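Below is one structure; the comments refer to it alone.
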Amino acid sequence: MKKTVPVESASALIDEKIKGLGDWRGKTLAKVRKLIHEADPEIVEELKWMGTPVWSHGGIICTGETYKSHVKMTFPKGAALMDPSGLFNSSLDGNVRRAIDIHEGDKINESALKALIQAAVVLNLEGKSKPKPRRASSKRAD
């Protein structure tokens with residue numbers, strides 16, 4: 001059974017994770033987090049998969065993973081999103097997800113990232129409002 005971390009606790013744990021990094025990765029994750037909330041104040045913070053920050057609204061928008069050489073934002077439905085600014089630079093071969101790897105010293109295109117986040121929210125919410133197609137009945141009408 002999955003154990004969910006309450007939203008307030010998840011936010012506090014993300015604060016601790018940022019503080020604990022103590023280098024450019026923490027600053028980058030904090031900046032990304034700020035931009036995510038500016039793009040959509042209704043986004044909810046969660047922790048999943050052994051402490052990975054996850055931002056959701058109507059479904060997962062993106063994750064924020066930290067590695068030695070980069071901070072990765074993974075968009076699980078990224079392949080369905082328009083990316084006119086070319087932010088996606090990782091996981092480009094997949095059919096569904098896309099990611100943005102941010103390396104030390106990279107400048108974040110804030111307006112493009114916010115637009116991408118907003119588009120991901122719209123995609124999630126559209127998916128929630130569409131009725132699921134009904135399977136054909138195996139019964140024949142006489």
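Worth a mention:
- The phi torsions of the range 75-84, fed into the Karplus equation with coefficients 6.51, -1.76 and 1.60 and a -60° offset, translate into couplings of 9, x, 10, x, 5, 8, 9, 6, 10, x Hz, rounded to whole numbers, with Gly and Pro shown as x.
- FRET E, pair A12, S85, Förster distance 30 Å, beta-carbon r, rounded to 0.05: 0.40
- Filtered chymotrypsin sites (Phe, Trp or Tyr not before Pro), the range 1-84: DSSP coil and at most 11 other beta carbons within 10 Å: W49, Y67
- Among the listed pairs K17/K77; K34/K72; K27/K72; K19/K77, those beyond 21 Å (Cα-Cα): K17/K77; K19/K77
- Phi angles across the range 35-43 convert, under the Karplus curve 6.51 cos²θ - 1.76 cosθ + 1.60 with θ = phi - 60°, into 3J(HN,Hα) values of 5, 4, 6, 5, 5, 7, x, 8, 5 Hz, Gly and Pro given as x.
- The modelled label-to-label distance between D23 and E110, using points 7 Å beyond Cα along the C-beta direction, is 2.6 nm.
- Accessible surface for F75 stands near 0 Å², nearest 10, in the context of the full protein assembly shown (1.4 Å probe).
- For GluC sites (Glu not before Pro), the sites in the range 12-51 that DSSP calls loop and that have at most 11 other Cβ atoms within 10 Å are E42.
The values are calculated or read from the model by the stated rules, or taken from the named source; none is laboratory data. Just so we're clear, the structure is a prediction, and the values are computed from it rather than from any experiment. Reconstructed Cβ throughout: ideal geometry from the backbone, glycine too, with neighbour counts over all protein chains shown. Quick note on the areas: whole protein, heavy atoms, side chains included, nothing else; ligands and nucleic acids left out. Shrake-Rupley method; radii C 1.70, N 1.55, O 1.52, S 1.80 Å.
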